[in-house]
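Beneath this line is the structure, given in structure tokens, with notes to follow.
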Amino acid sequence: MKNENNKKDYDLLVNIISEAPGHFYWKDAEGICRGANNAQAIFLGYKSGKDLIGKTGFDFYSKEQAEIIRKIDKQVMKTQKEYCIEEVVSNQEGVKTTFLSRKIPLYDPNTKEVIGIIGISLDITASKQAELAKQQFIMNMAHDLRTPLAGIIGLASIQADKKMNHQEQQQYGQWIRGASEQLLELLNAVLKVIDTEKMTDSIKAEPVHLPQLTKELQALMQPSIEAKKLEFELKLNALLPTIISDQIKLKRLLLNLLSNAVKFTKKGKISLEMSLLSVEERQAKIEIRVADTGIGIGKDKFDKIFDRFYCAHPSYEAEYTGYGIGLYLVKRTADLLGGKITVSSEEGKGSCFALEFIFPLAEENVDETGCVTLQPSHFETHSEGHNHSVLVAEDNTLVLYVVKNLLVSLGYDVTT
Ligand code: ADP
């Protein structure tokens, strides 16, 4: 009975070791593997830990790498101290992985002599890459923070010290405004990251009238499109239905794509296209495309542009400002809303971001018998008779002053 229990315990222990997370191995004094878990074996191209027994580092790695590993093992045995190291290892397929490894001496339980080493290695490749992207983000941000701030301080000091005529004052005011706007943009980008990190919050399910949504997007984009003298083309399928989705998230996603299209286009056209691909079982397959005739993106960068903090045209070396957050946010939102995003582009010609969603149809598209009936949308491109009075409530005098001036310049009657 006791033997049986011992065997069970032993089997369990063996199982725990082979299935243990991380990479786990032990070697004798000659550097020959005496055991390993399955994760280590799989990384090295084998099936189970048993397959590694009797092999040395020279069987798996380059001579150079194996020698370094051997040297560390010897040091651990000699000093009898734990050794902790970050190591980049290539397996037989040449895949580079960064490990955080800890190695300790292995003692004979009876003689207490050092008879080898025990090692445990954790794959930290992903966090290393994230760290790298973060460094680039900080580099971009430091540059983008310093430049406008130095400008603002410089201009303000000159203004404080020097007598200026009206024209000079106006020019300085414009420069200071430009620099402050850049700072605000940066601040918004940083806040966006924080927001994105907690975006897994609830996804709303509300009716979204797609033609109406495109109209709102067009209105939001109009000023920047006009400022850059670009054309805007809206191509809507006549049967676009009202669907169920999260209106704000969908809008933010498309705004990000449209803003990028404008940002990376000097001349030509931005287009927003929405088509109904099919309707099946009260679900509509919708394709949305945002295209531009801008600088384009190299094919080798297609995978990377959706990573957080990745900029294909970084601001410290080029003329485009940005923090590599927009497309990360777009991809995450598309995933959350059950969509797929793909990019196609040619450098110098333009880019196109295509989204495919399957949305449930809103009740209004389904009649009493449960049949789907889509009506061509009677959608007006120009809204008329909008209200010209605005009430502004704001407790910061400076902000109130600026908002009021802006609204007045846009032709509104403002009450504060
Ligand atoms: P950013 O804030 O830098 O614009 P994004 O995450 O929105 O960040 O985009 C990542 C990178 O992808 C951009 O830095 C840019 O190099 C590239 N990119 C995105 N959209 C476009 C586009 N429409 N045309 C050309 N390049 C683009």
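FYI, it's all coordinate maths here, none of it is from the lab. Remember, predicted model here, so these are calculated numbers, not experimental data. Using ideal geometry, Cβ is built from the backbone for each residue, glycine included, and neighbour counts are taken over all protein chains shown.
For the reader, a short list of remarks on this structure follows.
- Å³ per residue enclosed by the Cα convex hull of the chain: 284
- Length released on extending from LYS71 to LYS128, taking residue separation times 0.36 nm less the Cα-Cα span: 18.0 nm
- Mean residue ellipticity (222 nm) of the chain, computed from DSSP H runs ≥ 4 via -39,500 (n - 2.57), nearest 500: -14000 deg cm²/dmol
- Extension gain for MET164 to THR97 (0.36 nm times residue separation, less C-alpha to C-alpha distance): 18.0 nm.
- FRET efficiency for ILE42 and LYS7, using Cβ-Cβ distance with R0 set to 25 Å, rounded to 0.05: 0.40
- For the pair the range 115-160 and the range 256-271, the centres of their Cα atoms are 28 angstrom apart.
- Cα-based helix-to-principal-axis angle, 125-161 vs the chain, degrees rounded to 10: 40
- Mean Cβ count within 10 Å, highest first, over the residues of peptides 60-72, 151-163: 60-72, 151-163
- Using a Förster distance of 51 Å, the FRET efficiency for ALA156-GLU87 (Cβ separation, nearest 0.05): 0.50
- Subtracting the Cα-Cα distance of GLN222 and ASP300 from 0.36 nm times their residue separation leaves 24.9 nm of extension gain.
- Label-point separation, ALA238 to ASP51 (7 Å along Cα→Cβ), nm: 6.2
- Too-long pairs where the Cα-Cα distance tops 23 Å, listed order kept, from LYS134/LYS304; LYS228/LYS304; LYS228/LYS349; LYS47/LYS112; LYS63/LYS128; LYS263/LYS285: LYS228/LYS304; LYS47/LYS112; LYS63/LYS128; LYS263/LYS285
- Interatomic Cα distance distribution for the range 35-102, bins of 5 angstrom, percent: 3, 15, 23, 28, 22, 7, 1
- Directionally averaged shadow of the range 22-180, computed from the convex hull of its alpha-carbon atoms, nm²: 15.2
- Share antiparallel - DSSP beta bridges, the chain, percent rounded to 5: 85
- Dipole magnitude for the chain: about 1420 debye, using +1 per Lys or Arg Cβ and -1 per Asp or Glu Cβ, origin at the Cα centre.
- Principal-axis analysis of the Cα atoms of the chain puts helix 210-227 at an angle of about 80° to the longest axis.
- Computed FRET value (nearest 0.05) for LYS266 with LYS340, which takes r as the C-beta separation and R₀ as 25 Å: 0.25
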